[in-house]
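Asks: The structure under discussion is supplied below as structure tokens; questions concerning it will follow.
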Amino acid sequence: MTLSERVKTLQPSPTLALAAKAKALAAEGRDLVAFTAGEPDFDTPAEIVEAAVQALREGKTRYTPSGGIPELRRAVAAMINRDRGLSWSEKNVHIASGAKQALYHLFQALLDPGDEVIVPTPYWVSYPEQIHLAGGVPVFVPTRPEDGYKLTPEALERAIGPRTKAFVLNSPSNPTGAMYTEEELFGLFSVLVHRPVWIIADEIYERLVYDGPHTSIIAVDPQAVERTVIVSGVSKTYAMTGWRIGWAAAADERLIRALDDLASQSTSNPTTFAQYGALAAVTMDPAPVAAMVEAFRRRRDLIVERIAGVPGLRAFRPSGAFYLWVDVREAMERQGFPDADRWAAALLEEAGVVVVPGSGFGDAGHVRLSFALGEAAIEEGVRRLAAFVGRRR
Ligand code: PLP
């Protein structure tokens, strides 16, 4: 009795595993500062909760169309049209159980065995595994701090080969918080314009931006519209990670039907009353979101400033999302650790501070700190970090 090769080689999500470990240790009474959260620490705004409760009371408890309720599909299309100057309809939107599920469906729908997907490093942990599960091959292209962790057109050009099927662009990025400008996006698109390559634009952090508005690659050239798939969702913007609602949206209605068909044979549909909550989220007054973004901006400024004061750590200033990508190589070497995994394990054991080692994101010399936690916790965590970094083995 054996399991499939597919699951034998599967790497479970390191971020989810670490967050679970931090919660378990805290439940045992360990005094921890956990910089691990991949989710806002705010509550879902009340009117969203009310809309879902109302849906339950009205008996909206049955199956929906596999790609989501038409009202939500239309509302997401309207939001995309408003922000990106398009004229899409419900036929251009597939609602899934989170952006993660939308991406999973997408790789299943786009890739044949051996097809390559260009993934800039550092990357969000799930891309390589989802690409593998679809039989594809991730082609990793490193980005450099001196380029602001952004892929250059030259590096993209070099990575493209005859089997290239898709390119994943995550802006703002998890884990670096790097956000591409319109000019940079145009540069990347210029490399792709005459090639049959899908652009998967993961824009889940599109509203959590601190240094000016987000630009989508789909908006930089009319020719980008046909080949770009926008992936996003309500998890991060509206503090709704547990609701599990996200989407993929594209001009190609054939692709959207394929995603709906995949869902019809896997999930049936995203949870019905959660879809009504998401509908309230994408149509509500944006004030609660603006307040949350403001709080994240203050935390971003605080954590950047505090980490800058710790010798041996070098942090990249993020323009979006809620993560700080920290180069720990100098501290690690000085303290006598061979890699960031062991450095982070000792930090947890000795100082009660939880950070995510960079190896899961494709870079073993860095760690990721989430700043989705209160300012007092950030101050205390960085104090402990500084004390730990001062110690040698
Ligand atoms: N894409 C990126 C870059 C993420 O960081 C996440 C969540 O951490 C997701 C997609 C998935 O979000 P969800 O499935 O909660 O919509």
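The values are calculated or read from the model by the stated rules, or taken from the named source; none is laboratory data. Model, not experiment: these values are computed from the prediction. Glycine gets a Cβ as well: all are built from the backbone with ideal geometry, and neighbour counts include every protein chain shown.
Asks: Can you tell me which residue in the range 170-223 is farthest from the ligand (Cβ to nearest atom), limited to those that are among the small types (Gly, Ala, Ser) and farther than 23 Å from Ala102 by Cα?
Replies: Only one residue fits best here, namely Ser190.
Asks: What's the number of the condition Val93 fails, among (1) touching a residue at least 40 places away in the same chain (Cβ under 8 Å); (2) more than 16 Å from the ligand (Cβ to nearest atom)?
Replies: Of the numbered conditions (1) touching a residue at least 40 places away in the same chain (Cβ under 8 Å); (2) more than 16 Å from the ligand (Cβ to nearest atom), the odd one out for Val93 is (2).
Asks: Considering only the range 45-58, I want to know if a residue exists there that is within 16 Å of the ligand (Cβ to nearest atom), more than 25 Å from Gln265 (Cβ to Cβ) and not hydroxyl-bearing (Ser, Thr, Tyr).
Replies: Yes: one or more hits.
Asks: In the list Ala258, Ala251, which residue meets the criterion of being surrounded by fewer than 22 Cβ atoms within 10 Å (Cβ to Cβ), closer than 11 Å to Gly67 by Cα, at pLDDT 95 or above and more than 16 Å from the ligand (Cβ to nearest atom)?
Replies: The conditions single out Ala258.
Asks: Could you grab the pairs with beta carbons closer than 6 Å, sequence gap of 6+ or different chains, first residue in the range 225-243 and in a loop (DSSP other than H, G, I, E, B), second one of a type in the set (S, T, N, Q)?
Replies: Pairs that qualify, where the first residue is in a loop (DSSP other than H, G, I, E, B) and the partner is of a type in the set (S, T, N, Q), are Ser235/Thr241; Ala239/Thr44; Met240/Thr44.
Asks: Here is a list of conditions, (1) assigned by TED's automatic domain parsing to the domain that holds Tyr127; (2) in contact with a Phe, Trp or Tyr (Cβ under 9 Å, 6 or more places away or on another chain), and Glu50 meets all of them except one; can you say which number that is?
Replies: (2)
Asks: Given the conditions (1) surrounded by fewer than 17 Cβ atoms within 10 Å (Cβ to Cβ); (2) at positive phi, which single one is not true for Asp147?
Replies: Among (1) surrounded by fewer than 17 Cβ atoms within 10 Å (Cβ to Cβ); (2) at positive phi, Asp147 violates only (2).
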